[in-house]
Structures are given as C-alpha cells and as structure tokens.
Amino acid sequence: MPKPKSVAIYAANGCGGCSQSLLVSDRLSALLDAVHPVFWATQPGDVTQAEIEQYDDREIDILLYAGPVYDDESIATAQLLRRVAKRIVAYGACAHLGGLCGLANLAPEATLHLAPSKDGRFIQPLSAVIAVDYILPGCPPPPAMIARMVDELFLGDELPPAGTVFAATKAVCAECDRRHLATPLTAIKRFHATPPDPEVCLLDQGYICLGPVTRGGCAAVCPRSDRPCTGCAGPLAGVHDQGGTILHALASLVRFTGPDGQRREREVLDSIPDIAGTAYKYSVAASALKRRVNDGS
Amino acid sequence: MSQGRIGVFICHCGMNIEEMVDTHRVAETLKNYPGVVHAEDYDYMCSEIGQQKIRDAIVEHKLDGVVVAACTPSMHQETFRNAAEEVGLNRYRLEVANIREQVSWVHTDREVATEKAIRLTRAAVEKVRMDDDLTPIAVEHATKCLVVGGGITGIQAAVNVANNGYDVILVEKNPSIGGHMAQLSVTFPTLDCAQCILTPRMVEASRHPRIKLLTYSEVIDVSGYIGNYTVKIRKKPTYVDPDKCNLCNKCAEVCPVSVSEEFNEGLSQRKAIYLPFAQAIPSSYVLDEDACLGVKPLRCGRCQEVCDVGAINYDMAPEIITEKVGAIILATGYDLYDPSNLTEYGGGKYPDVVTSLQFERMVHPSGPMKGDLRRPSDGRPVNRIAFVHCAGSRDPERHKPYCSRICCTYTAKQALLFKKSHSDGEASVFYIDIRTDGKGYEEFAQNIIASQRVRYIRGKVAKIVDEGDHLTVWGADTLSGERVEIDVDLVVLAMAVVPSKGTEEMAKTFHINVDENGFLKEAHPKLRPVETTTAGVFIAGMAQGPKDIPDSVAQGSAAAAKAIEILSQKELTHSPEVATVNEELCSGCGVCTRACPYDAIKVERSGIAVVNEILCSGCGACAAACPTGAIEVKNDRRVQYAAMLAAVLGRDE
Amino acid sequence: MAANWISPVPHIAEIVLDKAEKRARVAVRPSADGIAAYLRGRLAEDVPLYVQRTGTDPVAAHLAAVAALDNAYSAAPPEKARHLRAALAACGIYYHHLLRLFFTRMNDASGVSALIATGEAIPPPDVMTALQRVRDEITVLGGRGLTPERGVPGGMTKGLNEDELHQARTMAAALLEFALAAETAFRAHGAEWVRKEDIDLPLPAVAVVDEDGKSSLYTGEVRVVDPRGKVLIDGDLDAVVKFMTGDAPYRVGPLARFNTGAGMPTPQAQKALDRMVADLGSPPLHRVAAIHWLSVIELVAAAELAVAALDQLEPGDSGLRAPLSAPGTGTAAIATGAGVMVQRLALAANGLVTDSQVIIPQLEREVNAALQTTVGDVDPEQMSAETIAAIEGVIRAYQPAFVPEAPFLLRITARGENGATIAQWRKP
Ligand SMILES: Cc1cc2nc3c(=O)[nH]c(=O)nc-3n(C[C@H](O)[C@H](O)[C@H](O)COP(=O)(O)OP(=O)(O)OC[C@H]3O[C@@H](n4cnc5c(N)ncnc54)[C@H](O)[C@@H]3O)c2cc1C
Ligand code: SF4
Ligand code: SF4
Ligand code: SF4
C-alpha cells in the first residue's frame, strides 16, 4: 500500500484518555500535515453507523480505534469500520486488551450497565470481533509510542508489517534500572503500605510488578515512580496470558526450604489480594478469565 | 529439523510390552504417520539384533530421525543413541517413547493401551521432527581427587587413585588417619591383628608422592561441578611441628590437664598435648586446643619449655587450603549409636556395661588394660560376661530400624577372644537371629557356637540391673520359652552403627543427599552404589551404610575406579540439551536465576541472563519460570511440546 | 442503551426530545453508580488509577481519590507532599481549562476560543506548546503525563530531585506567562462575545473555598450558596453530598466559584478578576457566557498556584509519606476544573474496597435548566430550523469548544415512550 492519505479516529466509549493522548502528542501536527483527517469521533454518537455506511469500502486509509467493544451495536460499528478502513490500529489498552473496562466482566452481572452481546460477552478487545492490523499499546499510549506510530505509519516510505506493535519487543524490566536481589521472595508487599527500596527490583522486594511480562517502550515510568508496573502495554509476543504468566513467575520466586516450605509457599501465594485486579488489570477481557462464577463476592 | 525421514521401532520387550500392546498395530499405524518412512516391531530392541535393525534402517532409508518405542529412556536411550551414532546419525535425533512403564505396565485393557502407545509414539515422532543436531559440550577438568575421611575406606581409595597416577588430597578430621579399624583388636574371620594389616596401608598413604595428607582438617566449602570442583579445607593448628617432634613424651609429662582419651573410647585419660595412638600418622604429638589451659593468650606454656627440639609453636594459626579437584570421594565412616539411649541396659550409666568398641580396646594388648580384661568399675577380673546383640539396631519403634550387619560376626569374635583368655569363664550371647553373611563368616561363627564354649541364647534382653559387685541380666529364651536371669561381671552391647557425626551437614556441603537413616545416599541402590546424584561425587565405606572391612575396602576401590573414570578423560562432555536464552527477548528480570536449582543461570551486567551450560542440567525450571518466554531448552522447545501435545490429544485423522 | 460502566462521563452527546412530554431534555450518560460495583474488591491503592480512567478530569480524579484514601487511612500527608500535590492539582486545572478553551474538533474550529486561537493574538502553535508543556509538567510532578500516578494515602511515592524541581519551576513560569497572554488576548477578542451572549440563569452554586474564603482550585471547605449569594451549606460534607445528589439544579465550575468565594486566591488572577467585575459586575452573576472569561482568569490563578507551591518545595524523596493507620472509611471533596468532585471510599481491614461513591461535576443539570428556560417546550413533529438553532445556542454558550466531551456536532433525537428513537435531526 502506498503512503496513507487519510486518517480517521474513532473512540468507542473509552475514557477519553486515548483521544487526548493523540491531541497532546508532539507529533499531532506532523500527522495532520501528512494526511487528511476524515473524522475524529471522540465518542460513539459522533459518527453514526449510517454515516459510516456512506464511505466506500476501504476509503479510509488508516483508522485509529480507541476503547473497547462492549455490546452488539459496538460490534456492528466495528465491523462497519473494518469495511471502510484499509488498516486499523487498536489504539490504547481498551482496544488492545479490553483495558480496565474488562474488569467489569468480573462484576456481578446485575450491577453492570451493560447488555451482553449475542454470544453472551461483555467487554472484548477489538481483535475479538474484527481483524486488527496494528497495535498501539498503553493506557493511554505513552508519547514515545505514539511518536513511533506516527513516524512509521504516516511518515515512513513503507507501511510497517502487519501485526506491528508500536512498543518494545522486550519487557519493561529491560528499561528499568532497579537492581536484583539473589534472595527468594518470602512475602507479598503493597506499595502504599510499605514504601519500597528505591534501588531494588520491586518484584524481588515482594511488590507484584508486571514488568517481566509486559511490553516495554514506556521507559519503565511506573517503577521509576516507586510503584509496580501494572501491565498497561499488554503481554509480550511470547506470552499467552499476561496475568497467568506473572503468577507462575511468582510461584517460581516464592521459595521456602525446610519441611513446611511448601505450606509456607502456598501461604504467600494465597495472600495475594485481588488477583484479577493485580495480574489482569488491563487484560481480563483478553484472557481466559471470562465471567465471575461465584457471586458470593 | 528432520526432512521427514523418520524411522520408528516398536519393542515387544518379550511379553512385557507385547502382552498389553499390539505392537504390530502400533508399527502399522505409525507407517502412515506424516514424516515416517519406516516402522517395524521387534522382540528386544536393546539386543544386538535390535540395535542392528536400527543401524541398518538408518543406512537403508537414509533416516534423519529415529523413535524407539520401548522401556523408559533412562534404561536404554544411551544404548540406542550409541547405535545410531555408529552409523552417522546425530545421537540427539533419537528419542525414546516409553510404552512400558507408562503403558503396558499400568494398563489392563489392551485396546486402550495400544491406542495410548500409538499416541505416545506419535508424540515422540513430533519431537524428533524438530530435534536439531547437537554436539556434546566439551569441558576441561582438574586431574586431582579429593578423598574425605582417612579410615580404611578412604585410605584404600586414595592409594588406588594415586597408584593410577593422579594426585590425591586426603582430608581427615582427626589428628591421625586410620579410622575405627585402628582401634580394633583382631579382625574376623581370620583373627589377624587389625593394626598389623592397617599400619602398612597408613604408611603407604602418607609416603605416597601423589597423596597430600591433610589431617586435623575439614572441608568447609565446595563449589563447581563435575571435573571442576573448588574445595576449601580448613586445617586446625596442632601447635606441634610433626617434622621436629621426636615422640619423647616430655611435654605430656608436664601437661597439667587430663581429659578422657578418645582412642580408648573414654576408658583412659590423656593429656592436653598427646600422641593419638602409638602408630598414629602423622607420627607426632598434637596440642588439643580445647583442653589446653590456653594458647591464645598463652596461659601455661610448660610444654614448650620442656621440648628439647623446639617442636612446639603456640603461634600456629588455622590454614585455609583451596584445591581444584575433578572428583570427590566421601568415606567419612561411622560412629556408634549413643549407648545412653539404651536406658533399660544402663547404657552410659553402669560402668560395667560397655560398648563393643570399648571391649575391643579392653582386650587390645596395647589398650588401656594392656589386654588384661577387668571390670572398669572396680578393676576386678571378669569371669562371667554377656554380649547383647542388636543394641539399638532393628528396633524401628525406639531406635534404628536397620541391621548393623557387623555385630553378629564381631560378637562371635569377641566371645571367642574372651574364651581364649578365660577358658573357664562363662560367656553368654543374647541374639535375635544370627546374620553372618560374609565369606567364611558363617563357618567362623558356627564354629564358635558349635564348640559349646559360648552360650548362645535366642532372645532379647529386657533389663540389666547393676547389683554392685555384679550385673543381673534379665531376658527370655524364646526357643525354650523360659525366662532367663543370669549374673555377670561385664556386659558388652553390640551397639548399632550410625553415620559419623556431622554427616548430614557434610552432605549439604557437597550437595548430595542422605537416606532416611542419615547414611550418604547412592544414586541407585543396585546399579550405582558408589555414585551420588551429583556427578563427580562418590561415596564409600561405612558412610554409605553398615559394612565390614572387606566391603568397605571394595567400595573404596570402586569409588576410586569411578573417580579415575573422570580424571582419566582428556576432556569431559556434558549433554548439550541445556537451556538457552533468546537475547532479543530476555529483559534481565532475574526470575530464572531463582528458579534454577543448580545456580546455572545468572543475569549478567549486560542485563541478559546467561546459562552456565556445564552447570545446567536441562531441567527446564527456568524455561517454565521465564515470564518473557526467552528461555528454551535445546531439543525441548515449546514448539516441540505444542506439537507433541497435539499429537497426544489430537483426533485421529 | 450503550451504558457506560466505568466511564460515567456527563457527555452532552445528544439533546433528547421526549415525544410524550414534548420537552427538550439533555440526555446524559449514566452517572457514576456503576463505579461502586466496579471497584468492589479492588485494591485501595489502585483506586486513584481506576477513577482517573472514568472519563472525568484524570488529574483531579486521582487527587480526589488520594484525598479520600488519606482520610480512610487517617494519614495526614506531610507538608512536602501537600505542596507537591497542590502543584499537581494546579496543573490539572490548567490542563482542563486549556482544553476547554482552545480545542475544538480538529476540522471545525469556531466559537470563542477559535477567535483567539486562530487570531493574531495567540498563534495556534503556542496553544499547542502550552498544552504539551503542562502535560510535561504533570509528568515531572506525577510520574505520568495525562494520568499521574504518584499519589498514595498519606503522601506521594516520590519527590523531585534537584534537576526536576528546576525543570518544573521553569515550566511553571512559562505556563504563567502564557496564561497572562491568554487573559490579555481574551479581553481583546472574547469579552465582546461574552457581553453579547445574554443567557441569564440564576442557580445555586457549589464550590470549594480556601481558608480565606477565596475560591479554591484544590482543597478547602465546600460551600453552597443560593442564587442571591446567601450561604446554604458551609463545610458540612454530608449535607453537600445530599445536596449534590438531590433533585434541585445547581451550578458548579468557574461561575459557581465566582459566586461562592471572595475572589481569586492569587494576586495576578485577582487583578484580572477585578477587570472582569468592572465589565460584568460583581457576584452574584448568572450570565452563562462568563464561564469562559472566568476560565481564562483561573488559568492565570492555576499557573500562579503552581509557581507558589513549587517555591515551597525542596528537592529529595524524604518526608513524603505519613504512616498509615488501619483502613476505614474516608470522604474527600476537591475543586476540579469543571467544579467539585467528591469521593467516598469504604475499605476492609485488608485494604480492599468494600463500597464507594464518586460524585463528579455534572454540568448537564445546568444545561437542562438553561434549555428549559431558553427553548422551552418544543413539538418534535414540528422542529423548525429556528428551534434547532436555539438549542444549539444554549449548548454553545456552555460548550464553545469542549473537547473531548462535546464537539460541534449537534444531534437531536426524539424518543417515544419506551425510549425508542422516532426521529433525528442533525445540524449539517
Ligand atoms: C566393635 C567393632 C568391631 C569390628 N570388627 C570388625 C572386624 O573384626 N572385621 C571387620 O571387617 N570389620 C569390623 N568392624 C567394622 C569396621 O570397623 C568398619 O567396617 C570399618 O572401620 C569402616 O571403615 P571406614 O573407613 O568406612 O570408616 P571409619 O573407620 O569410621 O573411618 C572414617 C574416617 O573418616 C573420618 N571422618 C569422619 N568425618 C569426617 C569429616 N567430616 N572430614 C574428614 N574426616 C572425617 C573419621 O575421623 C575416620 O577417620 C568392627 C566394627 C565395630 C564397631
Ligand atoms: S486505553 Fe486507557 S486511556 Fe485509552 S480509553 Fe481505554 S482506559 Fe482510556
Ligand atoms: S519487575 Fe518491575 S521493578 Fe523489577 S526490574 Fe522489572 S519492571 Fe523493574
Ligand atoms: S526469566 Fe527470562 S527474561 Fe527474565 S532474566 Fe531470565 S531469561 Fe531473561
């Protein structure tokens, strides 16, 4: 495909952060100089399905889609957009993984302001309903990743290969300066209650940091702020299930020797509070976790 | 990667597999499996004919991968790989599907078992399909051997290794080598004097140009791996220069401190500066720092004043000696079970209830009684004596569950020795049953029993009471069903043997295991009796379990042979099936470093994990732990497992 | 109904004409009650992260949650942390007002802000630079640009080092310079428009005031005054919550602050306010379009507050966290760009959320009221161009350039009894 000439932005019920992240990007003017903006819908009502239908098939060169898919109407809209757009970027954690919204899938159904889709699902990542060409991770995407997307997608001579994720291929840890400990992990800590040692790897100290399973490209901002990585950039290419992978890494890190070692290991692992919100903060909708089965809270 | 020329061989294992698995059907089914160009079944794949079938098929069909469906790979994988290698197939492209332990032996329905065998064999085909050619990793190694423990076992091993041309470091924690054998009077069944046969060996070890003797020493740290161990040894100061000491005994004469003498099992006293025993090697007095009034700071100093040759030096300091060794033999021997555990016998309480080892010293011509047997309590002669078998042995409820193996024979020996010097004396032996399993031992014991000079009573002693001038032994004769009550002057307890003090900590230092009774654990009870699960570390003698001198010596030689196997290699090879790190993915998170049980993976300064291939056992713990998927074990890659899983679970086409 | 579970944004998406009632009503997205179900069982320390992604002002939402957590853990943040948070809060207001004033849909720039942004007075690239600068300032102070993350109960996770503090001060000074220029430009190009707009809507006002009784842009007491300026509630948070969740319409935001407080908290902003008062009169003032003038003045105030807070700050990470007590329930209210945000969090002993309530500034109450007085009842069957223009006029008075919430896309939908759409008009 030759250089793209047009761009459209569609935000489906996200928090607005993704739109803003593009709006304040240092590359916005370069983007708008390079391509013609077809529309910038900051919420679903801004462009109706009927309006989308007016566009020819593949008329829009690049469509940036932010926010999750959440009901039959949003699925239909996504399918329409797929028809009129040549290339689609899943922009931000909600489109990429379902995002924070995905945790709502685990809330008791009665409390949801949502109607399930025909196949009984609630929040889904965009790729669950249409083919997605590129991914711009992050919640919202950090400036450097947006810049990379603009440069590679709109300003380069050739389109990046399909499937490109505009983040690092290595995990957050590769960008983190913290030093490692050789000692095994013996207790789970929470960053608000026990201030971490600023030099030592948070995971090694017992804070559940998703750095090891999460794509880098953010310069490890969260660990640099003395709080663990929450995983917003999603899993690495080789990781199937972000939350499950950090949990099994934890299982490897927690070590006790001696006769009651196994019991004590279990105790530490069992002490992890809010596993879904911790290990799957942005990725419930993209994971094997589907719905809550036990409403007993 | 295989180009799709895989051969499959299904073994009947006689009827072991064939009975439950239709091997012919397995072969026929596999013939049609993608990538398989040859499949056959045969009676015994491990036989020479079976191996030849593999070799022939590799040549004839130009196979680039082989699957043998047979018993567990730990049995014959090496056999089959060697065969394949002979005709030029890379040995790591042969895989074994276990259809015996995992199929025929655990199933009862032939149909189900056959189906499972097909699936497991298919999975192995999938693995072979993606196996790469691998080259074993060459490792340089040290050519020295460390022997720990200077008893007869350690001496034997050290001399054997040294005689084969390799340097040995022999570490003994006591001031002299010799171990327990040096304490014995005579040895069964030949009744030759223990010292007489031991001393030449001790001298040989000490004079051998290739043996470096480190007495009064202990190993404090071990690191490294087979062929390349670094050991740190701590040598305690003896405060006496053995080269100057002329054994004049003047120092001991002036020494004001007396303590109980270990060599005589506490039956006599020695000074703080002493000669461990007459034939001690090194032949020198030693100053016992713990007993001495004080060296640092000096409190007494009398011994130095009287030493004519200036052998005594209070400034001696502990030495730390570091050595690189290629193999390690542990021969740390045994101790006796503490007799005070046997309260019903008054063990450790009644002076005239002694241990078997004390008895050895009592009857020894140069022992504390100069061979003239007397009661320790009042020095009266001994005319009536009782020996109690299984004192602490074979009593799983209260003491040790195992048989100490040597007691039956040495008790016969001791009873005989008693009768030899006290022809009118009465000797009774309480036994449960008589186990004299060594060569010539049964004859030896039966002779004594048959001679009727010793009364053998089958039954357990219930109680011993000290009546002042004699002891009363209460028991039951289980043959006659009668209660027995006899008065004796001395009771000898045939104490259970236990691993020598500190064995468990030492096992930890050397990264090996102990068994449920605390003896050093062998890799396989039958096939690898002197090996451990840590490559390059061997065990021998009493430290491995109760045994007599001939067995100890034999094991010492066996361990020496295993050590020489390593030392004599030009270079060692290590399995290439080790972990590798994809640098493009590794983020240096360090999770793997703590998952590895072998300390084989480290995050380098570069922020990338690096595997020490020689330490790596290919266990895959790191691969499972790695959150980025950066680690794969060679020929055990995730794609292979995915394909294997699909082959096992997949529906039949 | 495309309900919004964690994004309870008062988006003014459509004007809904209820056919049965023949009345114009501004439809809003569902309110924040979904949040309570969403947050139940989540980690307390993550609440500031979750609420800042609900579509409200992310900086304010973070700080309000952190303030509620302070109370839930009975932890009074040390002085240094308070200054850092204050600087962050000021930047949040600045960012909010900048967006509100200057940004429109990309290809449809019009309205008052466009007058400025496309005019000679402030070249658009300068606006862009200011916006990026305030994002960078938030990044330095809060660790992340749009969604700061350093607030924890009892303080902040991290302070500023020597370099960062210097950088922050330099940027704050530049932001103040831009705010002053914007205020000058507004008087030259925008005041006229404000004078012309004549929607006058007397409403009670809810706002936060500081200890001197002046308008606060962060913490303080919440005060409610009636349309004539009489104080109805002063500081009683429970009463405030009751009032805000009640049925009566009320006003929040810059105009409400003007009517509630005794002037601006900083000197240059006060001067600017004096100039506006000379033009439009003193409070109570109910002229809706004054919101925009006041927003520019608050831009100045926010920049001054940031400069002042950073002046008080010393470099280093020590002294940023107070020890925590056992978790309980905590409520806090803070001023935000759009008005007042209240958060209440109930925590279990293990620090998990058991219950929560988030009250966000709801402009739509006021817009509803304005539509009712200005447009009145309409007949959905007979929608004239004039009616549509009248509706748009009201919306524009509030939302001249309100991105991302409501761009210049006006859609009018008529619904039947069961909520089904019967007709739609859209301004071309
Ligand atoms: C009463 C009695 C009578 C016996 N009679 C006979 C007999 O007649 N015939 C017969 O064949 N067998 C007899 N035995 C058995 C015989 O004593 C053993 O088979 C033999 O001594 C085993 O030798 P070893 O070298 O394995 O152990 P040991 O003799 O125990 O030697 C082990 C050596 O290792 C040293 N050591 C221990 N720990 C360490 C360490 N951590 N570091 C360095 N050095 C260490 C010890 O100081 C000791 O010198 C008898 C045993 C007993 C108890
Ligand atoms: S990805 Fe994050 S920033 Fe973007 S819309 Fe979703 S919640 Fe908001
Ligand atoms: S786990 Fe977290 S703190 Fe540790 S190195 Fe990775 S990103 Fe840094
Ligand atoms: S676990 Fe994986 S990513 Fe982490 S340091 Fe080891 S190899 Fe690298």
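The values are calculated or read from the model by the stated rules, or taken from the named source; none is laboratory data. For clarity, every value in this text was computed on a predicted model and none was experimentally measured. Don't worry about glycine lacking a Cβ; one is built from the backbone with ideal geometry, like all the others, and counts go over all protein chains shown. These accessible areas exclude ligands, DNA and RNA; they are computed on the full protein's heavy atoms, side chains included. Shrake-Rupley method; radii C 1.70, N 1.55, O 1.52, S 1.80 Å.
Computing FRET efficiency as 1/(1 + (r/R0)^6) for residue B:469 and residue B:420, where r is the C-beta to C-beta distance and R0 is 41 Å, gives about 0.95.
Dipole magnitude of the protein assembly as shown about its Cα centre, charges +1 at Lys/Arg Cβ and -1 at Asp/Glu Cβ only, in debye to the nearest 20?
Working: 138 positive and 169 negative charges, 195 e Å.
About 940 debye.
One quarter of the convex hull surface, Cα atoms only: what value does that give for the range B:507-589 in nm²? Before the final figure, lay out each step's value.
On the way: hull surface 34.3 nm².
The directionally averaged projection comes out at 8.6 nm².
Site pair residue B:571 and residue C:236 shows an inter-label distance of 8.9 nm when each label is modelled 7 Å from Cα along Cα→Cβ.
Is the range B:336-498 rounded, prolate or oblate when judged by the Cα gyration tensor, a ≥ b ≥ c being the square roots of its eigenvalues, rounded requiring a/c under 1.5 and prolate requiring a/b larger than b/c?
Rounded shape, in that the Cα axes give a/c under 1.5.
With the alpha-carbon atoms of the range B:578-633 aligned to their principal axes, the span from lowest to highest coordinate is 23, 20, 16 Å, starting with the largest. Residue by residue, the range B:593-603 carries 3J(HN,Hα) couplings of 4, 8, 7, 6, x, 10, 6, 9, 10, 9, 8 Hz when phi is fed to the Karplus relation 6.51 cos²θ - 1.76 cosθ + 1.60 (θ = phi - 60°); x denotes Gly or Pro. The simple Förster model, with R0 at 60 Å and r as the Cβ-Cβ distance, assigns residue B:259 and residue B:580 a FRET efficiency of 0.50.
For chain B, a crude dipole built from +1 on the beta carbon of Lys and Arg and -1 on the beta carbon of Asp and Glu, taken about the Cα centre, is about 980 debye to the nearest 20. Farthest toward the positive end of the dipole of the protein assembly as shown, out of C:299, B:412, C:340, is the Cα of B:412, where the dipole comes from beta carbon charges about the Cα centre.
Count charges around residue B:256 for me, please; just the other residues with Cβ under 12 Å from its Cβ, Lys/Arg as +1, Asp/Glu as -1.
Numbers: positive: B:271, B:299, B:302; negative: B:253.
So the surrounding residues net to +2.
So what's chain A giving for Cα Rg divided by 2.2 N^0.38 Å, two decimals? Walk me through the intermediate numbers first.
Working: Rg = 20.5 Å, N = 297, 2.2 N^0.38 = 19.1 Å.
That works out to 1.07 for chain A.
Remark: mean inter-chain Cβ contacts per residue of A:22-31 equal 4, using a 10 Å Cβ-Cβ cutoff to other protein chain atoms.
Run the helix sum for the protein assembly as shown: -39,500 (n - 2.57) per DSSP H stretch of 4+ residues, divided by residue count, reported at 222 nm to the nearest 500 deg cm²/dmol. Write down the numbers at each step before the final one.
Numbers: 42 runs with 446 residues, N = 1378.
Calculated at 222 nm, the ellipticity per residue is -9500 deg cm²/dmol.
Taking each of B:526/B:602; C:80/C:271; B:244/B:508; A:189/B:324; B:31/B:526; B:144/B:236 in turn, the alpha-carbon distance tops 32 angstrom for B:526/B:602; B:244/B:508; A:189/B:324; B:31/B:526.
Where does each of B:62, B:236 land when they are ordered by accessible area, with a 1.4 Å probe and the largest first? Intermediate results must be reported in sequence, preceding the final value.
Details: B:62 150, B:236 75 Å².
In descending accessible area the options line up as B:62, B:236.
Annotation: amide H-H contacts under 5 Å for residue B:147 (H modelled 1.01 Å from N, sequence separation of 5 or more, or interchain): B:169, B:170, B:171, B:329. With each label modelled as a point 7 angstrom along the Cα→C-beta vector, the residue A:187-residue C:199 pair spans 5.8 nm.
Principal axis extents of the Cα atoms in chain B, from largest to smallest and rounded to whole angstrom, are 92, 67, 41. Here the spin labels are modelled as points 7 Å beyond Cα on the Cα-Cβ line, and at residue B:143 and residue B:439 they lie 3.4 nm apart. Under 14 Å Cα-Cα from residue B:439, which aspartates and glutamates qualify once same-chain neighbours fewer than 8 residues away are excluded? Residue B:439 reaches B:548, B:551.
The orientation-averaged projection of the convex hull spanning the C-alpha atoms of the range B:425-516 amounts to 9.4 square nanometres.
All alpha carbon pair distances within the range B:250-306 were sorted into 10 Å bins beginning at 0; the resulting P(r) in whole percents reads 24, 54, 21, 0.
Pairs of alpha carbons in the range C:14-364 separated by more than 37 Å make up 16% of all such pairs.
Working out 0.36 nm times the residue gap between residue B:90 and residue B:305, then minus their Cα-Cα distance, what length gain in nm do you get to one decimal?
On the way: separation 215, 0.36 × 215 = 77.40 nm, distance 7.33 nm.
That works out to 70.1 nm of additional length.
When the accessible area of each residue in the range A:236-276 is compared between its chain alone and the complete protein assembly (1.4 Å probe; ligands, DNA and RNA ignored), which residues differ by at least 10 Å², being lower in the assembly? Hits at the 10 Å² cut-off: A:236, A:238, A:239, A:245, A:248, A:249, A:252, A:253, A:255, A:273, A:274. Taking H placed 1.01 Å from N in the peptide plane, check which residues at least 5 places from residue C:329 or on another chain put their amide H under 5 Å from its amide H. Amide H neighbours of residue C:329: C:347. If you model the range C:153-216 as an ellipsoid using its alpha carbon gyration tensor, with each semi-axis the square root of five times an eigenvalue, the axes come out at 35, 23, 9 Å, biggest first. Counting only lysines at least 8 places from residue C:230 when in the same chain, those with an alpha carbon closer than 24 Å to its own are C:214, C:242.
In order along the range B:169-183, the Karplus-derived 3J(HN,Hα) couplings, from 6.51 cos²θ - 1.76 cosθ + 1.60 at θ = phi - 60°, round to 10, 9, 10, 10, 7, 7, x, 10, 7, x, x, 5, 4, 5, 8 Hz, and Gly and Pro are given as x. Straightening the chain between residue B:599 and residue B:338 buys 90.1 nm, computed as 0.36 nm per residue apart minus the Cα-Cα spacing. The residue C:132 and residue C:326 beta-carbon pair, evaluated with R₀ = 35 Å, returns a calculated FRET efficiency of approximately 0.25. Say the dipole of chain B comes from +1 at the beta carbon of Lys and Arg and -1 at that of Asp and Glu; which of B:278, B:559, B:263 then lies farthest toward its positive end? It is B:278.
Let me know the shape class of the range A:53-191, please: from the alpha-carbon gyration tensor, a ≥ b ≥ c as square roots of the eigenvalues, rounded when a/c is under 1.5, otherwise prolate if a/b is greater than b/c, or oblate.
Oblate shape, in that a/c is at least 1.5 and b/c is the bigger or equal ratio.
For the peptides B:250-262, B:73-85, the ranking by packing is B:73-85, B:250-262, with the highest mean count of neighbouring Cβ atoms within 10 Å listed first. If you take every residue apart from residue A:162 with its C-beta less than 9 Å away from the C-beta of residue A:162, what net charge results, scoring Lys and Arg +1 and Asp and Glu -1? Residues close to residue A:162 contribute a combined charge of 0.
Please compute the average number of Cβ atoms from other chains found within 10 Å of each residue's Cβ in peptide B:619-631. Can you show the working numbers first?
On the way: counts 0, 0, 1, 1, 0, 4, 8, 8, 20, 16, 8, 4, 0.
That works out to 5 on average.
Would you work out the charge dipole size for the range A:172-286 about its Cα centre, treating the Cβ of every Lys and Arg as +1 and the Cβ of every Asp and Glu as -1, and quote it to the nearest 20 debye? Using Cβ point charges on Lys, Arg, Asp and Glu, the range A:172-286 gives about 60 debye.
Relative to the compact globular guide of 2.2 N^0.38 Å, what is the alpha carbon radius of gyration of the protein assembly as shown, as a ratio?
On the way: Rg = 44.0 Å, N = 1378, 2.2 N^0.38 = 34.3 Å.
Here the answer is 1.28, to two decimals.
In plain terms, the chain from residue B:247 to residue B:78 could stretch by 55.1 nm, reckoned as 0.36 nm per residue minus the Cα-Cα distance.
Tell me which DSSP H helices of chain B clear both cut-offs, 24 Å or more of axial length from alpha-carbon atoms and a mean Kyte-Doolittle hydropathy of at least -0.5.
Values: long enough: B:110-130 (30 Å, -0.37); B:549-567 (26 Å, 0.75).
Taking the DSSP H segments of chain B (at least 24 Å long, mean hydropathy at least -0.5), we get B:110-130, B:549-567.
The amide H of residue A:171, built 1.01 Å from its N in the peptide plane, has A:216, B:587 as neighbours under 5 Å, considering only residues 5 or more places off or on other chains.
Considering only the other residues whose Cβ falls under 13 Å of the Cβ of residue B:274, what net charge follows from Lys and Arg at +1 and Asp and Glu at -1?
Working: positive: B:250, B:270, B:271; negative: B:253, B:261, B:262, B:288, B:289, B:290.
Neighbour charge sum, excluding residue B:274 itself: -3.
Computed from backbone phi with θ = phi - 60° and the Karplus coefficients 6.51, -1.76 and 1.60, the 3J(HN,Hα) list for the range A:270-286 is 5, 7, 5, x, 6, 4, 4, x, 8, 7, 10, 3, 9, 10, 3, 5, 9 Hz; x is used for glycine and proline. Mean partner shielding of peptide A:188-198, defined as the number of other chain Cβ atoms within 10 Å of each residue Cβ, is 5. Shape verdict for the range B:86-131, please, from the Cα gyration tensor: rounded (a/c under 1.5), prolate (a/b greater than b/c) or oblate. In terms of gyration-tensor shape, prolate.
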